Structure formats: C-alpha cells, structure tokens
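The block underneath contains the structure these notes are about, expressed in structure tokens.
The values are calculated or read from the model by the stated rules, or taken from the named source; none is laboratory data. Given the structure is predicted, the values throughout are model-derived calculations rather than measurements. Methodologically, a virtual Cβ is constructed for each residue, glycine included, from the backbone with ideal geometry; neighbour enumeration extends over all protein chains shown.
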Amino acid sequence: MNKIKFLKPDNQNLSTYLYSGSFLFFIAVLDVFLSSFFRMNITSFLPNLVSFLLPLILGIIGLHLIRIEFSGIKSLDLLNKHINTNTFNAVLTLLIIFTIIKSIPPIMSWFIIDANIAVIQKKLVLVVVLVGPILKSGLIDLFMECIQMNFNGE
C-alpha cells in the first residue's frame, strides 16, 4: 500500500506529467486571457463561482504535475527551484500572473482612450519654457522650438 505514488512525477514518467501539467497551466492562462481581452468565458456552462475559480485550480494542478526535484531539463529545474517549490508559491505565482493579465486591458484603455495627451504636452511645454532659459542649451532650445511649432500648426 505504501508503494502508491499519487501524482508524483519521477524520471520514468516525466514526459507524461510535464505535458499534462503544461497543458493544464496553458488552459488556465488561456481562460484568464480570453476573459480579460475578449470577454469570452470558456467555462460559462459552469456555475459562476466554479467558473471563476477553475483557472486557479487548473493552474495549481498543472504546476503540481510539473514539480520534480531534478529532471535534467535546465529550464524546468530553474522554474521548480525558484517559483514552483511548493503549492503556496504556485498559488502566489498564479495570482500574480492572473493579476497582470487582468490589469493589461484597463491600462491599455487608459493609455489609448482616456489619457489626455494635449494637457500633458502643454505641461511639458511649460516645463521646457521655464527650464530652457536656465540651462541655455542648444538642445533644449531646439526641443522647445519643435514643440512650439507643433502647437502653432507650423
């Protein structure tokens, strides 16, 4: 009974666990990516709470499947040594990855749609106008003239 190894990869079955774990991790990241960027929920057939937690659960299982002490694959050993040492670190890693993926669309929306570039340019011109005479640098004067020509429509 003590010879049963439940979800413990070793060198004999490493490729099976590596492919299975990578696939589950990829599905988890893909689900978060699609829901963030395209507002598509690939698990919409499940209840809301299960659909919300499923990427985290799949990612934890995927990272657990690829966790091995020494595989001989340098990148996998580095990943397991620094990021995937235990389940708690796997959860933290997944939460950070998911937070970054979820925060990209609002940030890009702000950069493209909501940012008021004209106000930023006017403040930049004001700073250049105030700092330019102090430095008396040819580069600052050239930069200031280019910005003023841009605003005057020349």
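Table: residues versus (1) modelled with pLDDT of 80 or more; (2) under 16 Å from Leu63 (Cα atoms).
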{"position": "Lys5", "(1), (2)": "no, no"}
{"position": "Leu14", "(1), (2)": "yes, yes"}
{"position": "Tyr17", "(1), (2)": "yes, yes"}
{"position": "Leu24", "(1), (2)": "yes, yes"}
{"position": "Ser35", "(1), (2)": "yes, no"}
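Residues in segment 90-99 include at least one that is surrounded by 12 or more Cβ atoms within 10 Å (Cβ to Cβ), closer than 15 Å to Ile27 by Cα and of a type in the set (Val, Ile, Thr).
When the criteria are applied in full, Leu56 meets the requirement of being closer than 12 Å to Phe25 by Cα and surrounded by 14 or more Cβ atoms within 10 Å (Cβ to Cβ). Among the conditions (1) loosely packed, with under 13 Cβ neighbours inside 10 Å; (2) of a type in the set (D, E, K, R); (3) over 17 Å from Lys8 (Cα atoms), Lys81 misses just one, which is (3). Scanning segment 62-75 for residues being crowded, with 18+ Cβ neighbours inside 10 Å and modelled with pLDDT of 85 or more gives a total of 6.
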